[in-house]
Amino acid sequence: MSEKIKLEPDLNEVSKVDKPAEPKPKDTYTCHICFKSFSHKSDFTRHCFRHTGEKPHVCDICSRSFGCRSNLTRHRRLHTKESEYKCNICLKSFNRRSHLKDHIAIHTGEKPHACSLCSKTFRLKCSLTIHLRVHTGEKPYECNICHRRFSLKCNLKDHEIVHKGIKPYVCEICDKAFNKRNNYNRHCATHTKTATNGQ
């Protein structure tokens, strides 16, 4: 008697064939300081330099160092006077496309960066970033002596002068010195008023 042919499929065999292959997990590189993950080792390495302050890419002309090779390449163009991006209106040259784009807005009057909270518009993205701090209350700059925080870097610099006891703002008329720019400006305005009233 001939052997019976097995017509029912072996479910184990079918499942092996039909089951899609498991995707291989991508290599990920995770920062042990802030736990941010990266799929490319070069991005991970560049990120780590931010924490360590390491700047391994050094300009062979002026010895300035950079954490990122592309920033060094861009910097070297300053020495060689190479500029990739040129304004076709005034022929001014720029090392970055983004700087050319910002510059062209001067000619066109365009303010492409709009605040989503109050609809105020800005020519530069960095100006919008600073403006948003008015709404968010963000103060990213901290004094390392008293830990007071500021929304603008220039305000932090002015504040640090107070700790150092320096008075860099000197009135050209009466030689009175100030440690804060706004106090200096207010003082100078009194001379202007006096001169105007005297005429």
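Derivation of every value follows stated rules applied to the coordinates shown; laboratory data play no part. Please read all numbers here as calculations on a predicted model, not as lab measurements. Methodologically, a virtual Cβ is constructed for each residue, glycine included, from the backbone with ideal geometry; neighbour enumeration extends over all protein chains shown.
Some notes on this structure:
- Shape index of the stretch 41-196: Rg/Rh, with Rg the Cα radius of gyration and Rh the Kirkwood radius from the inverse mean 1/r over Cα pairs, equals 1.05.
- Cleavage-rule hits, trypsin sites (Lys or Arg not before Pro), the stretch 25-111, DSSP coil, Cβ neighbours within 10 Å at most 10: Lys26, Lys81
- Residue-normalised convex hull volume from the C-alpha trace of the stretch 38-116: 149 Å³ per residue.
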